[in-house]
Amino acid sequence: MITISDTAQAHFVTLLADQPDGTHIRVFVISPGTATAECGVSYCPPDAVEADDMEFEFNGFNAMVDGKSAPFLEDATIDFVTDQLGSQLTLKAPNAKMRKVSSDASLNERIEYVIQSEINPQLASHGGNIVLIEVTEEGVAVLQFGGGCNGCSMVDVTLKDGIEKQLLDLFPGELTGVKDVTEHQAGDHSYQ
């Protein structure tokens, strides 16, 4: 479920050495399955272990995950990176905002999963997002842009060279194109 790099495991062992015996780490998701989902790591003393917690063994410590967060932490990775600017613990959880869907889920569900887990996080750096309105009988994904994407001068490039290419590559034979139905109005909210 969660992959913790060797350097991150060593970092946790060092941190836990200063904690009371029996303290674990807890990996969790706040507001799982929503656009505002956030992942975190904290100490988990023995008296904070809950009945529905899942326990994962690592080198020198255990990680606890509550039952509500578990499906949203599938494929999560934790790493500890040191560079010129210092050291940083990174937690990536591609399924935090939307539970991973199975390969036999409907086309709409699979497209929505890609939008929430891959496309919207990229657009968020510009204050934007997209919403899937529908998939037509002809296999065209109809999207609506929001936030900073609404009115952005680069929206056509983002749509055709980015989103459409990515979705057509992921769903060959199922999708034939992507269409934007947004009435774009430039304003202070637009990314420039």
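The values are calculated or read from the model by the stated rules, or taken from the named source; none is laboratory data. The structure displayed is predicted, hence computed values, not measured ones. Only protein heavy atoms, including side chains, enter the accessible area calculation; ligands, DNA and RNA are left aside. Shrake-Rupley method; radii C 1.70, N 1.55, O 1.52, S 1.80 Å.
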Among DSSP beta bridges lying fully in the chain, give the percent that are antiparallel, nearest 5.
-> 75
Excluding same-chain residues fewer than 8 positions from Lys68, which lysines have a Cα within less than 21 Å of its Cα?
-> Lys92, Lys97, Lys100
Pop out the carbon and sulfur fraction of the accessible area of the chain as a percent, whole number, probe 1.4 Å.
-> 50
Contact order normalised by residue count of the chain, Cα under 8 Å, 6+ apart, percent | 16
Computed over region 43-88, the Cα gyration tensor eigenvalues, each multiplied by 5 and square-rooted, give semi-axes in Å (largest first) of 25, 14, 10
Accessible area of region 56-184 divided out per residue, in Å², using a probe of 1.4 angstrom = 54
With every protein chain present, what is the per residue accessible area of region 2-48 (1.4 Å probe, Å²)?
-> 54
Out of the DSSP beta bridges found with both residues in region 92-180, what percent are antiparallel (nearest 5)?
-> 65
